[in-house]
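The values are calculated or read from the model by the stated rules, or taken from the named source; none is laboratory data. Note that the coordinates shown come from a computational prediction; the quantities given were computed from them, not determined experimentally. Here the Cβ positions follow ideal geometry from the backbone for every residue, glycine too, while neighbour counts run over all protein chains shown.
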Amino acid sequence: MSMLTHELKASYAFVERNFNLSRRYWGWEIAFLVYSAAGALSISFIGAQLGDARLLLTLMVGAIFWNYLSVVFSWIAETITVERWEGTLEYTMMAPVRRSTHLLGSVAYAMVFGLVHTAAVLLAMVVFFPNLAIDHANVLTVVAFFILGSFSFVGIAMLAAIMPLLFVERGAQMTFVLQSVLLLVSGVYYSIDVLPGWMQVLSRLSPATYAIDGVRRGLIDGTPVGGLLGDVWPLVVMGTVLIPFGLWAFGRAERYAKRTGKLKRVG
């Protein structure tokens with residue numbers, strides 16, 4: 001029990017450190033928040049212009065939930081990049097702390113920060129679209145897919161975090177490219193049926209595809225979780241497999257980086 005308490009306190013230290021980083025760069029955080037809200041509203045106004053309430057809700061759900069997933073992905077995938085920017089990479093990676101403890105703190109902060117960030121975007125949506133009818137929304141389904149989508153996305157983000165560790169100069173760009181590809185193939189603003197066949201195959205490998213579809217159908221159609229098992233089981237499998245695999249792969253990459261001298265502040 002004392003060991004668990006120690007690990008949780010160590011994880012909280014990384015949560016607190018990330019909070020202090022956000023507070024230090026609060027101007028940039030506000031700028032990114034405004035940009036996210038403006039982007040979500042711009043997409044939503046397409047549905048408003050066409051006068052299609054269902055299309056408007058479809059676009060809004062995609063914009064809001066993708067904002068959450070992208071914030072979570074960015075904070076986890078850029079764990080090494082942030083350490084390198086701050087000049088603390090060597091100290092953090094050589095500290096007597098389990099890597100799982102380090103990543104748990106990063107994941108916890110990413111989820112909390114993502115929820116706060118997304119709540120602000122949602123508030124902007126409510127201000128501009130106060131008369132939206134979501135009478136049939138199934139809150140349980142929406143919450144369930146928020147949770148399932150979060151954990152399934154964490155595994156991919158952990159794997160993406162390896163890139164800045166192995167590729168000192170180009171790793172951050174590679175994680176951004178991966179995030180962009182996930183946006184393209186995950187049906188955020190449209191049905192994946194409109195994609196070319198080979199891209200539809202890729203969309204089935206993205207947890208965001210199932211998470212966004214589940215949230216959308218739960219909010220717009222009121223579909224219960226039991227009616228969306230086709231979206232549930234891929235998310236459960238991905239979360240169960242990708243998180244342990246991500247931790248294992250990150251550990252292997254860390255050992256390789258230490259052995260080859262890639263733990264340095266700049267490229």
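If you check Tyr189, Tyr210 for being closer than 15 Å to Phe65 by Cα, in contact (Cβ under 8 Å) with a residue 60 or more places away in the chain and touching a Pro at 6+ places or on another chain (Cβ under 8 Å), only one passes: Tyr210. Do the conditions hold for Ile220, that is, is it farther than 18 Å from Trp66 by Cα and either in contact with a Leu (Cβ under 6 Å, 6 or more places away or on another chain) or at pLDDT below 90 (or both)? Here the answer is no, as Ile220 does not meet what is asked. Residue count for region 38-69 satisfying the condition of being more than 19 Å from Ser191 (Cα to Cα) and crowded, with 22+ Cβ neighbours inside 10 Å: 1. Checked against (1) buried (at least 19 other Cβ atoms within 10 Å of the Cβ); (2) under 11 Å from the mean Cα position of the chain (by Cα); (3) modelled with pLDDT of 90 or more, Gly155 passes all but condition (3). Residues in region 234-264 that are of a type in the set (A, V, I, L, M, F, W, C), closer than 22 Å to Glu90 by Cβ and in a helix (DSSP H, G or I): Leu247, Ala249, Phe250, Ala253, Ala257. Might you check whether a residue that is under 21 Å from the mean Cα position of the chain (by Cα) and either among the hydrophobic types (A, V, I, L, M, F, W, C) or in a loop (DSSP other than H, G, I, E, B) (or both) occurs anywhere in region 46-55? No.
For region 6-45, a residue qualifies if it is among the β-branched types (Val, Ile, Thr) and either outside any helix (DSSP H, G or I) or modelled with pLDDT under 90 (or both), and exactly one does: Val15. Taken over region 108-131, the criterion of being loosely packed, with under 15 Cβ neighbours inside 10 Å and assigned to a loop (DSSP other than H, G, I, E, B) is satisfied by Pro130, Asn131.
Of all the listed residues (Leu182, Leu202), the sole one being touching a residue at least 12 places away in the same chain (Cβ under 8 Å), buried (at least 21 other Cβ atoms within 10 Å of the Cβ) and not in a loop (DSSP other than H, G, I, E, B) is Leu182. Residues in region 105-132 that are within 15 Å of Phe32 (Cβ to Cβ) and not hydrophobic (A, V, I, L, M, F, W, C): Gly114, His117, Thr118.
Restricting attention to region 68-88, does a residue exist that is outside any helix (DSSP H, G or I), out of contact with any strand residue (DSSP E or B) (no Cβ under 8 Å at 6 or more places or on another chain) and either in contact (Cβ under 8 Å) with a residue 60 or more places away in the chain or within 21 Å of Ser180 (Cβ to Cβ) (or both)? Looking for residues that are outside any helix (DSSP H, G or I), out of contact with any strand residue (DSSP E or B) (no Cβ under 8 Å at 6 or more places or on another chain) and either in contact (Cβ under 8 Å) with a residue 60 or more places away in the chain or within 21 Å of Ser180 (Cβ to Cβ) (or both), one finds at least one in region 68-88, hence yes.
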